[in-house]
Each structure stands twice: as structure tokens, then as C-alpha cells.
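**Student:** I'd like to ask some things about the structure below.
The values are calculated or read from the model by the stated rules, or taken from the named source; none is laboratory data. As the structure is a computational prediction, the values presented were derived from the model and not from experiment.
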Amino acid sequence: DVAVHNKLGLYFVDACDTGGLKRHEWGSNSPDLHSTNHGLCVEAVCTNGHCEAYQKTVFINIGFGQFDLVGGTNANVSKCPVCDHYVKPKTCAFNNCKWRWWGIQQPQEGQPPKRLSADWKVADNAYHRFKEDPNGIISMAKVSFRSAQELT
């Protein structure tokens with residue numbers, strides 16, 4: 001589970017590591033083109049035992065705008081699209097948009113928090129997803145993603 005909460009926030013994929021962002025053509029280890037909207041898509045696993053998506057990956061279409069993964073109030077947005085119960089985000093992806101992120105890393109105990117951010121990047125007509133690698137996670141006190149329509 002990549003997005004695991006710690007005392008100060010959560011462990012999440014290291015968005016600074018652009019090698020962790022993989023481009024997937026539609027239908028090849030990615031959701032169907034028609035099941036995701038342009039912009040940001042959050043992936044989570046439904047834990048509601050009464051849901052037909054129980055213990056399966058669900059795709060939450062955020063679209064364009066800002067999503068606070070940690071340090072924000074995303075409980076109204078981070079819901080299983082099948083049963084509407086809260087789900088904990090585990091990774092995210094982008095398509096047909098420009099996007100950026102910023103956050104506050106919580107380094108080892110006794111060290112001050114560190115502000116991190118990235119410039120705008122462009123995701124073309126494919127599923128650009130942060131891979132879930134337990135070796136590529138960092139402790140974050142805050143993580144926010146923003147996606148916007150790419151002007152051509």
C-alpha cells in the first residue's frame with residue numbers, strides 16, 4: 001500500500017522521481033480511455049465489504065483543479081465510484097492535461113520539514129501513472145496536485 005499514513009502525514013510515491021512516472025497506452029495496464037476523464041485520476045482500493053469493487057482498484061476522476069492528497073480535506077472527493085464510501089488514495093495518474101505538484105516532506109525524525117515542488121508537466125493522450133514501488137516512497141506532511149487543461 002503506497003499511501004500509508006504515519007504520525008505526521010503519509011508515505012506516498014516520490015513525485016520528485018520522474019523515473020517513477022510511467023506512460024501507459026490506453027488498455028495496456030491502464031484503465032479504459034472512456035473510464036477516465038481528462039486531468040487527474042486518483043487510484044484507491046475499496047475496503048467496503050458490501051461493495052462489488054471490494055478489494056479492487058477503483059479510479060476516481062478528479063479532472064481539472066486541485067486535489068490535496070495529504071493535509072487537506074479530500075474526504076468528500078476520495079470516494080469509491082461504485083459504493084460512495086471513503087477510499088484512501090494510493091497513487092495517481094494524469095492524461096490530456098498539464099499538471100504540477102507541491103508538498104512538504106517530513107524527513108527523518110529530528111530534521112525540519114522540507115518544501116518540495118515541480119514545474120508544470122504535460123501528459124498527452126495516455127495514462128501517465130506514478131508506479132507503486134515501496135522503495136520509492138517518502139514521508140509527506142502535505143501533498144497537493146493541480147491539473148489544468150493543456151492549451152494547444
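**Student:** I'd like to know if the stretch 87-103 contains one or more residues that are over 27 Å from Glu25 (Cα atoms), at pLDDT below 90 and not aromatic (Phe, Trp, Tyr).
**Tutor:** For the stretch 87-103, residues over 27 Å from Glu25 (Cα atoms), at pLDDT below 90 and not aromatic (Phe, Trp, Tyr): present.
**Student:** In addition: Can you tell which of Lys121, Lys131 is modelled with pLDDT under 85 and not polar (S, T, N, Q)?
**Tutor:** Going through Lys121, Lys131 in turn, the sole match is Lys131.
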